[in-house]
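The values are calculated or read from the model by the stated rules, or taken from the named source; none is laboratory data. What you see is a predicted model, and the numbers here were worked out from it, not measured in a lab. Positions of Cβ are generated from backbone atoms using ideal geometry, with glycine treated the same way; all protein chains shown enter the neighbour counts. Accessible surface is based on the protein model in full, side chains and every heavy atom, while ligands, DNA and RNA are left aside. Shrake-Rupley method; radii C 1.70, N 1.55, O 1.52, S 1.80 Å.
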Amino acid sequence: MGCDGGTIPRRNELVKVKQKPEPRDQTSHLIFQWRYCNLTQQLLQRPIVTCGLGKLYNKSAIIQAIINRESPPHIRTLRDVITLNLTPNPEFRENGTDQIDVSPYICPVTGLEMSGKYRFVALWSCGCVFSERALKEIGVGACSRCQEAFDEADVVVLNGLEGEVRVKMDMRKKRKKEWRKIQRIKKVRVGENLQ
Ligand SMILES: [Zn+2]
């Protein structure tokens with residue numbers, strides 16, 4: 001500012017120019033969701049995990065939270081999260097936050113950046129991450145990256161809408177319950193055969 005030494009202040013020093021905050025807010029919201037741990041707000045660094053609700057966390061932060069009994073209610077053990085198998089973006093340089101316009105990860109099929117601009121999904125069965133567009137092309141069955149079998153319940157939309165991710169989480173819970181029931185029946189049958 002130049003009012004003390006006899007210099008004349010310029011107009012932009014006197015009049016506050018009104019800024020348009022909307023696009024920047026939206027961008028910072030996406031950066032926050034996709035680049036930072038949902039628990040500690042620290043930069044995401046592999047190994048990265050997701051919970052049943054599709055939020056992203058540093059695995060170390062989740063382990064610490066479980067030990068300290070400070071984890072969110074839907075994460076009680078490490079079985080409540082999956083480690084993500086992410087595809088690094090060759091355009092991205094690992095030097096902190098300065099490359100904020102380039103995403104560190106991409107879809108291995110379409111090459112789309114995982115930045116929040118496109119919907120991305122993780123498979124609960126294997127942890128592989130794809131753009132939703134790629135998954136629609138591949139269809140449900142075997143993961144095109146690691147060949148692990150998966151069905152509709154295994155598809156977790158990352159940073160998805162609360163309703164859609166909860167439906168899948170409930171589907172997986174139900175499936176697990178049924179699997180346990182079958183295991184119990186099998187045990188009883190084996191026991192009967194031994195008698
Ligand atoms: Zn896979």
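Couple of notes before you dig in:
- Gain in span if fully extended, THR83 to LEU161, counting 0.36 nm per residue against the direct Cα distance: 26.0 nm
- Nitroxide proxy distance, nm - points 7 Å out along Cα→Cβ at HIS29 and ILE66: 3.2 nm
- Extension gain, ALA149 back to TRP179 (0.36 nm per residue minus Cα-Cα distance, nm): 9.2 nm
- Residues in segment 24-190 average 60 Å² of solvent-accessible surface per residue, probe 1.4 Å, ligands and nucleic acids excluded.
- Reported to the nearest whole Å, the Cα centre-to-centre distance from segment 154-195 to segment 35-51 is 27.
- Sorting 72-78, 33-39 by average packing, meaning the other beta carbons within 10 Å per residue, from highest down gives 33-39, 72-78.
- For segment 104-195, a Kirkwood hydrodynamic radius built from all Cα pairs, placed in the Stokes-Einstein relation at 10 °C and 1.306 mPa s, yields a translational diffusion coefficient of 106 µm²/s.
- In percent, rounded to a whole number, the relative contact order of segment 24-190 is 18, using alpha-carbon pairs under 8 Å and six or more apart.
- Each label point was placed 7 Å from the Cα along the Cα-to-Cβ direction; for ARG172 and ILE138 their separation is 1.6 nm.
- Model label sites at VAL190 and PHE92, defined 7 Å from Cα along the beta-carbon direction, differ in position by 4.4 nm.
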